[in-house]
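Encoded as structure tokens, the structure appears first; notes follow it.
The values are calculated or read from the model by the stated rules, or taken from the named source; none is laboratory data. Predicted, not measured: the structure shown is a model, and the values here were computed from it. In this analysis, Cβ positions are derived from the backbone assuming ideal geometry, glycine residues included, and neighbour counts consider all displayed protein chains. Keep in mind that these areas ignore ligands, DNA and RNA; they rest on the heavy atoms of the full protein, side chains included. Shrake-Rupley method; radii C 1.70, N 1.55, O 1.52, S 1.80 Å.
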Amino acid sequence: VELTADHSLAIADLRSDLGLATPMLRLLQGDVGSGKTAVAAYALAAVARAGYQGALLAPTDLLARQHLETVGALLADLGVDVILLAGSLRAAERSRALEAIGSGQASVVVGTHALFAEAVSFARLGLVVIDEQHRFGVEQRGQLEAKAGDGTAPHVLLMTATPIPRTLGQVLYADLDV
């Protein structure tokens, strides 16, 4: 993937944020097809290389599978395991995914609302990426962030092509970096 100047700037900001002890809360905004997923893949790889897990939440099964394919291809050469957790998985696939997530074997988990399930337990969740963040509520985001489990808050990267008023309010009142 060839990065643009904007991609490089976004990655530099993420690199800086991920190095801080304070959890990142950042919005990555760009048009559809602008490369938000490639930038998110960088953050997921950085967290995985540091020994943590990353979760990428998508609102639909189709989008989760597209992210699985894209992120998996981008991270394959780094040896980062990327798995899918979605409601459409068969029981045996779901069981294997839950075991890989709980043991920490799965460095990156791409999923749908299935990530909110009580049975999902991360070994060491360090980053939550939420695509089309306007499709999820604040409580849902909090549920996923709470899966870090050890009392620490993971870094959070929200992605959107169309920021909604609530998101713009967070940006204006300094709750969210862009």
Would you mind listing how long segment 1-151 runs along its three principal axes, going by Cα atoms, in whole Å with the largest first? 44, 33, 32
Shape of segment 34-119, Cα gyration tensor, a/c cut at 1.5: oblate
Considering amide H positions built from the backbone, and no H for Pro or chain starts, which residues 5 or more places from Val128, or on another chain, come under 5 Å of its amide H? Ala55, His155, Val156, Leu157
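To the nearest 0.05, how large is the calculated FRET efficiency for Ser103 and Ala153 if R₀ is 22 Å and r is the Cβ-Cβ distance? If you can, show how the numbers build up before the last one.
Numbers: r = 22 Å, r/R0 = 1.01.
Plugging the Cβ-Cβ distance into 1/(1 + (r/R0)^6) gives 0.50.
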Nonlocal amide H pairs with Gly104, under 5 Å, H built at 1.01 Å: Ala123
In Hz, Karplus ³J(HN,Hα) per residue of segment 16-32 (6.51, -1.76, 1.60; θ = phi - 60°; x = Gly, Pro): 5, 5, 5, x, 8, 6, 6, x, 6, 9, 10, 9, 10, 10, x, 4, 4
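Can you tell me the FRET efficiency between Ala119 and Leu9 if r is taken as the Cβ-Cβ distance and R0 is 25 Å, rounded to the nearest 0.05?
0.05
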Per residue, how large is the accessible surface of segment 3-122? Use a 1.4 angstrom probe and give square angstrom. 48
May I have the convex hull volume per residue, in Å³, for the Cα set of segment 60-102? 67
With θ set to phi - 60° and the Karplus curve 6.51 cos²θ - 1.76 cosθ + 1.60, what are the ³J(HN,Hα) couplings of segment 63-72 in order, to the nearest whole Hz, using x for Gly and Pro? 5, 4, 5, 5, 5, 4, 5, 5, 5, x
Sequence order, segment 107-123: Karplus ³J(HN,Hα) from phi using 6.51 cos²θ - 1.76 cosθ + 1.60, θ = phi - 60°, Hz rounded, Gly and Pro as x, gives 6, 10, 10, 9, x, 10, 4, 4, 5, 7, 4, 4, 5, 7, 9, 8, 6
